[in-house]
Amino acid sequence: MSTPVVLVAGLHASARTAVVDRLLRDHPGSVAVHHDLREVTADRVQRVVRDASTVLDLADVRLAHGCVTCTVREDLLPQLVRHAATASLLVVDLWDSVEPRSVAEALDCEEAHDILRLTCVLTALHAEHMLVDITRGDRLRETGQIAASGDQRFLAEVLARQIEYATALSVHGGDEEDVELSRAVLAHLAPCTPVFAPGSAESPLPDVTGARLCTRELAERVDPATAQLPCDAQTDEITTVVWHRLRPLHPARLFEAVDELVTQSVRSRGRFWLASRPDRQLAWDAVAGIVSVEDAGPWLAALPEAAWDMVSPARRTAAGLDWDPVTGDRVQHLVFTGPDLDRERLHALLDSCLLTGEEARAGSGVWAGYDDPFAHILDLKEIA
């Protein structure tokens, strides 16, 4: 029988350690594996294996291919397999800046399928720090976080991915007001994910010994084409605004509006289409004033029907929900979350970026000639 594995992620080490300690206490015979990256600049990491009462193993691990994530994954899997025979539960205590998705997908491999089963991805958050960090437009290195050479990720970007990929969230620290506000923020960022606040031994954590998670389904929850995006919502001062339209966006007008759009909100994401790129689904991902626009592949409407069998059922379902007889699955679906967002102003700004009726009637032949300021971003990524 396979041994359950829970990934515990989170930028906030104190919150993450509290969760790991609690899991080790609640599950006798459980073992935790942690890779300490404080010496990453010296091309090594330290592996710590422990149970509820003692350190079982301590070793230095050399960096594989100069890649921290590769090292953690390539050293982690053998360690989990080694301890699976005797452990009741395996707890993977991920370093602060490690995103759980890559680790989860590395563990979901054929050679370990009968030995390990991933049961939970739990992100631990410090209530007081999370409320600040989700708004910080600083790179990891600028905040004092340990990062590998060349790591250009932003703090808020990492935190958002840790929150949105998780199957459960655990809030620690701060006062009662911090905890309640954190819960409210998380209800907007990840509305389908259960939130736990284990302030005492009696407070629960999620079940971590159940059925195997499907990493493909976990990915579909966050990937642009199939993402489970939040709905319109208002909780005190926190607002989530959904903008959903069919008409294409004018690339130059949208580009001019980007700064205002990302500074009005704390978090925004979704999928959209530009008149100059009618066959390509584009992904919008912004947090703390930092925006990323990427090509997410073709719209299904741009593919021959025979090719639809090659895409996942989730992708076909998502396309079906947005399907229009004229535009197919091409859609503008962007979601913005932040304090006291002005819904009407946000909608008006975005609507002003759409093609006018006259521009829309001109057709794709004319659209192709529009100046596209996004080209230097999207075309460069395609070349890379």
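Observations, loosely collected:
- Here the condition is being among the hydroxyl-bearing types (Ser, Thr, Tyr) and open to solvent by less than 40 Å² (accessible area, probe 1.4 Å); of THR235, THR167, it holds for THR167 alone.
- Some residue of the range 145-152 being surrounded by fewer than 18 Cβ atoms within 10 Å (Cβ to Cβ) and on the phi > 0 side of the Ramachandran plot: yes
- Among the candidates VAL208, VAL171, residue that is in contact with a strand residue (DSSP E or B) (Cβ under 9 Å, 6 or more places away or on another chain), touching a residue at least 40 places away in the same chain (Cβ under 8 Å) and in a strand (DSSP E or B): VAL171
- Segments classed as strands (runs of 3 or more DSSP E), wholly inside the range 1-92, with at least 3 members that are within 21 Å of LEU122 (Cα to Cα), small (Gly, Ala, Ser) and open to solvent by 40 Å² or more (accessible area, probe 1.4 Å): none
- Among the residues of this structure, ALA166 does not count as one that is modelled with pLDDT of 95 or more and out of contact with any Ser or Thr (no Cβ under 6 Å at 6 or more places or on another chain).
- Residue ID - farthest from LEU169 (Cα to Cα), chosen from residues in the range 105-126 that are surrounded by 20 or more Cβ atoms within 10 Å (Cβ to Cβ), modelled with pLDDT of 95 or more and among the hydrophobic types (A, V, I, L, M, F, W, C): LEU116
- Residue match in the range 337-348 (condition: at pLDDT 95 or above, open to solvent by 30 Å² or more (accessible area, probe 1.4 Å) and more than 26 Å from ALA156 (Cβ to Cβ)): yes
- In the set ALA211, ALA219, ALA166, only one residue is over 21 Å from the mean Cα position of the chain (by Cα) and under 30 Å from ALA319 (Cα atoms); that residue is ALA211.
- Residue satisfying all of: in the range 132-145; in contact with a helix residue (DSSP H, G or I) (Cβ under 6 Å, 6 or more places away or on another chain) and assigned to a loop (DSSP other than H, G, I, E, B); nearest to SER182 (Cα to Cα) among these: ILE134
- GLU237 vs. criteria more than 23 Å from the chain's Cα centre (by Cα) and at pLDDT below 95: yes
- The range 268-320, residues that are among the basic types (Lys, Arg), open to solvent by 40 Å² or more (accessible area, probe 1.4 Å) and either touching a residue at least 60 places away in the same chain (Cβ under 8 Å) or assigned to a strand (DSSP E or B) (or both): ARG280
The values are calculated or read from the model by the stated rules, or taken from the named source; none is laboratory data. For clarity, every value in this text was computed on a predicted model and none was experimentally measured. Using ideal geometry, Cβ is built from the backbone for each residue, glycine included, and neighbour counts are taken over all protein chains shown. For accessibility, only protein heavy atoms count, side chains too; no ligands or nucleic acids. Shrake-Rupley method; radii C 1.70, N 1.55, O 1.52, S 1.80 Å.
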